[in-house]
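Quick notes on the structure that follows.
The values are calculated or read from the model by the stated rules, or taken from the named source; none is laboratory data. Everything numeric in this text was worked out from a predicted model, so none of it was measured. Ideal geometry is used to build each Cβ from the backbone, glycine not excepted, and the neighbour counts take in all protein chains shown.
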Number of protein chains: 2
Amino acid sequence: MAYLPFTPTYKTLMGPGPSNIDPRVLESMSRPVIGHLDPDFVGLMDDIKSLMRYAFQTENDLTFPVSAPGSAGMETCFVNLVEPGDKVIICQNGVFGGRMKENVERCGATAIMVMDDWGKAVDLNKLETALKDNSDAKIVAFVHAETSTGVQSDAASIAKLAQAHDCLTIMDCVTSLGGTPVLLDEWGIDAAYSGSQKCLSCPPGLSPVSFSARAIETIGNRKTKVQSWFLDLSLVMNYWNEGAARSYHHTAPVNAMYALHESLAILKDEGLEQSWARHRTQHEALRDGLLKLGFSFLVDEASRLPQLNAVILPESIKDREGDIRKTLLNEHNLEVGSGLGALAGKIWRIGVMGHGASAKNIDICLSALNKVLA
Amino acid sequence: MAYLPFTPTYKTLMGPGPSNIDPRVLESMSRPVIGHLDPDFVGLMDDIKSLMRYAFQTENDLTFPVSAPGSAGMETCFVNLVEPGDKVIICQNGVFGGRMKENVERCGATAIMVMDDWGKAVDLNKLETALKDNSDAKIVAFVHAETSTGVQSDAASIAKLAQAHDCLTIMDCVTSLGGTPVLLDEWGIDAAYSGSQKCLSCPPGLSPVSFSARAIETIGNRKTKVQSWFLDLSLVMNYWNEGAARSYHHTAPVNAMYALHESLAILKDEGLEQSWARHRTQHEALRDGLLKLGFSFLVDEASRLPQLNAVILPESIKDREGDIRKTLLNEHNLEVGSGLGALAGKIWRIGVMGHGASAKNIDICLSALNKVLA
């Protein structure tokens, strides 16, 4: 049995991620590998950290990419900040809040759930009630941009409430980073995690994270060891922190770091404000076209994410939406995302992310939909 | 502040990994990204699993790459097979056995340590005594090829002893896979993990793992949830297993998988036996040159790894070995590895791995050493 090289067809990626990648980023990965402790690589690590601080709008020292996908970034935040017996308030309004609950419970802690409907932003009143009812809560965790529903919650207000009740905050900004404002320091977020493959338009596999001084102090005061050796920040810090020994912990994914560096440099060159504005503009073009085709939006305009469009399918196509997505993929090389959980078969998730937030991609998408739905 | 593209100099990588990469593999990573649930990607996943079964010499269904480096592959084995209160016998003869102990203890289990000197193979008599003294032990864990010392242990005999005492086996074959025989089914290993960046000559970032039917049964009978959501095989299986729902768990590092596929295909094309023989031949050429230069080997010939040469430094250079490694790196673009722990400053670790197990690399290494030590 002969193994031929895998030669993927170029596809227009307008699902929930991965997004299409700038050729500069793709090219960077084929550069020669060097050692994970090579001084040149250590210099690259410092550049990546500095660029990540810009993307997160933070001065946090401990800002680096976890050497694994976003789910591992999430787990890094929880296993380091949560100890057995702790109480964590989780605002859930989609799939990823549920995953936070799994993380908290696997740390031997208690999750207090503040539930909102899928497609609605986190209700601040419900959160405040939960904080009052649980004065011993240690952390408030929430999803800034729910990839399963396309809703954005008011991170600044959530963090303010958490601070007023002396809680740390953990924020999932997997889908927001680079696409809509993520202002860690201004908001006072203590731990945040993202993914490389959404609005940063880097291949999947890395999870940018950032921790405040207060979070690091909390980690320093732990009574128990972090349950994961691989994700234990007290060990990882010795590899990633400037001024630290830069000693071996694990072998970093060197070529993936080349790509992250390149994609962050592209973001810096464009400027965050310009990137946010571009996502907004392309979202509006897509929205206008989708409304004409009979789609409507799951999420109210006020909390709608430009980069993740959760659209309710026209009645006429609900019973064949899977086949239509197949046709889009096979005949138009266009990927759009299906609904998750209770929204499966009812919505599509159309991503307008990073390098893919372009007039070209919007044209391809609307043109293909016009043909397929005609 | 302008960020220029990072343009790493090509270096001859003869440390403990990463190793030099075939241009075919480097090129593969710059192919267009496609979705992690795209049918074309699912087909690639199946090809990768099939090629990995060849590399591991196993028929195990559950054979796939963990989406993170070797340390996460190690953790995958331990957190899935170990439950709180379990007893695990660990054979330690270097750095990585110590990391196993950390893993076991962080699972709330007890580690029974069977200690051997660094540079010595696991002593089967000591292991047998430990098995007799701990009839309630559930697992025997050991490092097949210790990257910190260059020693290979007798995996077949260790596994046989473990089976005779009704224990599962966990084997670290990070440095052996592809370089020296790894015969999971013949030896009866229950869980094995490796790394992409050693003798497979793929960029770092992925950890090939394989689990026997007995291991899967043990996982199925767990009384407690796996403490890591990201590494929980009961969830990961639904994404990786043929015939399974192929449902979303995490976003796989798509382009890194292109590279793993290409590097495994290269191994298959060459043939395992031929690859093992090439490592042996190039090791012998290096050994002859090093002996002439006054180096000696830490490890007895019988248990010496061809792909990781732990060499004792000539007395004359011990006090300036760090400077010499810097000169090799800066003036000859040659990376060799330092000693770890108690062996720091006493040995070097010279890797002859994968694509780098070539006459060209051996020539570059010996020629540079001849110049620098002259």
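Scan the stretch A:25-38 for residues that are closer than 17 Å to residue A:201 by Cα and surrounded by 23 or more Cβ atoms within 10 Å (Cβ to Cβ) and jot them down.
Applying the first criterion (closer than 17 Å to residue A:201 by Cα) to the stretch A:25-38 yields A:25-30.
A:25, A:28, A:29 - these are the residues of the stretch A:25-38 that are closer than 17 Å to residue A:201 by Cα and surrounded by 23 or more Cβ atoms within 10 Å (Cβ to Cβ).
Scoring residue B:58 on the criteria (1) surrounded by 24 or more Cβ atoms within 10 Å (Cβ to Cβ); (2) within 22 Å of the chain's Cα centre (by Cα) leaves a single failure, condition (1). For the stretch B:271-290, indicate whether the set of residues that are charged (D, E, K, R), within 13 Å of another protein chain (Cβ to nearest Cβ) and in contact (Cβ under 8 Å) with a residue 12 or more places away in the chain is non-empty. For the stretch B:271-290, residues charged (D, E, K, R), within 13 Å of another protein chain (Cβ to nearest Cβ) and in contact (Cβ under 8 Å) with a residue 12 or more places away in the chain: absent. Restricting the stretch B:125-161 to residues that are of a type in the set (A, V, I, L, M, F, W, C) and in contact with a Lys or Arg (Cβ under 7 Å, 6 or more places away or on another chain), the residue that is nearest to residue B:113 (Cα to Cα) is B:137. Residue selection: residue A:53 satisfies the criterion of being more than 7 Å from chain B (Cβ to nearest Cβ), basic (Lys, Arg), under 19 Å from the mean Cα position of the chain (by Cα) and surrounded by fewer than 22 Cβ atoms within 10 Å (Cβ to Cβ).
Under the condition of being within 25 Å of residue A:253 (Cβ to Cβ), touching a helix residue (DSSP H, G or I) at 6+ places or on another chain (Cβ under 9 Å), within 14 Å of chain B (Cβ to nearest Cβ) and not polar (S, T, N, Q), the residues counted in the stretch A:71-99 number 8. Residues of the stretch B:293-342 that are surrounded by 16 or more Cβ atoms within 10 Å (Cβ to Cβ), closer than 19 Å to residue B:92 by Cα, modelled with pLDDT of 95 or more and among the hydrophobic types (A, V, I, L, M, F, W, C): B:298, B:299, B:305, B:308, B:310.
Look at (1) surrounded by 24 or more Cβ atoms within 10 Å (Cβ to Cβ); (2) of a type in the set (Val, Ile, Thr); (3) within 14 Å of another protein chain (Cβ to nearest Cβ); (4) out of contact with any Leu (no Cβ under 6 Å at 6 or more places or on another chain) and you find that residue B:175 fails only one, number (4). Under the condition of being in contact with a strand residue (DSSP E or B) (Cβ under 6 Å, 6 or more places away or on another chain) and more than 24 Å from residue A:195 (Cα to Cα), the residues counted in the stretch A:114-137 number 8. Identify the residue in the stretch B:158-177 that is part of a loop (DSSP other than H, G, I, E, B) and among the polar types (S, T, N, Q) and, among all such residues, is farthest from residue A:206 (Cα to Cα). By that ranking, first place goes to B:176. For the stretch B:178-213, the set of residues classified as in contact with a Cys (Cβ under 8 Å, 6 or more places away or on another chain), within 14 Å of chain A (Cβ to nearest Cβ) and part of a loop (DSSP other than H, G, I, E, B) consists of B:194, B:196, listed by residue number. Please work out if residue A:167 is of a type in the set (A, V, I, L, M, F, W, C) and either more than 14 Å from chain B (Cβ to nearest Cβ) or without any contact (Cβ under 8 Å) to a residue 24 or more places away in the chain (or both). For residue A:167, the condition - of a type in the set (A, V, I, L, M, F, W, C) and either more than 14 Å from chain B (Cβ to nearest Cβ) or without any contact (Cβ under 8 Å) to a residue 24 or more places away in the chain (or both) - is met.
Being closer than 30 Å to residue B:279 by Cβ and over 15 Å from the mean Cα position of the chain (by Cα) is the requirement here; does residue B:11 meet it? So residue B:11 passes the test.
The number of residues in the stretch B:188-229 that are more than 27 Å from residue B:146 (Cβ to Cβ), touching a helix residue (DSSP H, G or I) at 6+ places or on another chain (Cβ under 9 Å) and of a type in the set (D, E, K, R) comes to 2.
Filtering A:244, A:277, A:252 for residues that are in contact with a His (Cβ under 8 Å, 6 or more places away or on another chain) and more than 25 Å from residue A:94 (Cβ to Cβ) leaves a single hit, A:252.
Residue-by-condition table, conditions (1) modelled with pLDDT under 95; (2) crowded, with 24+ Cβ neighbours inside 10 Å; (3) closer than 28 Å to residue A:46 by Cβ; (4) more than 7 Å from chain A (Cβ to nearest Cβ):
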position: B:10; (1), (2), (3), (4): no, no, yes, no
position: B:18; (1), (2), (3), (4): no, yes, yes, no
position: B:21; (1), (2), (3), (4): no, yes, yes, no
position: B:40; (1), (2), (3), (4): no, no, no, no
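Take the conditions (1) of a type in the set (Gly, Ala, Ser); (2) within 17 Å of residue A:15 (Cα to Cα); (3) under 11 Å from the mean Cα position of the chain (by Cα); residue A:201 misses just one of them, which is (3).
Among the residues of the stretch A:136-150, is there at least one that is surrounded by fewer than 17 Cβ atoms within 10 Å (Cβ to Cβ), part of a loop (DSSP other than H, G, I, E, B) and of a type outside the set (Gly, Ala, Ser)? Yes; the residues of the stretch A:136-150 include at least one that is surrounded by fewer than 17 Cβ atoms within 10 Å (Cβ to Cβ), part of a loop (DSSP other than H, G, I, E, B) and of a type outside the set (Gly, Ala, Ser). For the stretch A:222-235, a residue qualifies if it is part of a helix (DSSP H, G or I) and surrounded by fewer than 22 Cβ atoms within 10 Å (Cβ to Cβ), and the qualifying residues are A:234, A:235.
Residues in the stretch B:236-267 that are buried (at least 24 other Cβ atoms within 10 Å of the Cβ) and hydroxyl-bearing (Ser, Thr, Tyr) were compared, and the one that is nearest to the other protein chains (Cβ to nearest Cβ) is B:251. On the given criteria, is residue B:59 modelled with pLDDT of 95 or more, more than 13 Å from chain A (Cβ to nearest Cβ) and under 30 Å from residue B:243 (Cβ atoms)? In short, yes. Among the conditions (1) within 26 Å of residue A:179 (Cβ to Cβ); (2) more than 7 Å from chain B (Cβ to nearest Cβ), residue A:26 misses just one, which is (2). Filtered by the rule that a residue be among the hydroxyl-bearing types (Ser, Thr, Tyr) and closer than 25 Å to residue A:343 by Cβ, the stretch A:139-180 gives A:147, A:148, A:149, A:153, A:175, A:176, A:180.
Within this structure, residue A:219 passes the test of being in a helix (DSSP H, G or I) and touching a residue at least 24 places away in the same chain (Cβ under 8 Å).
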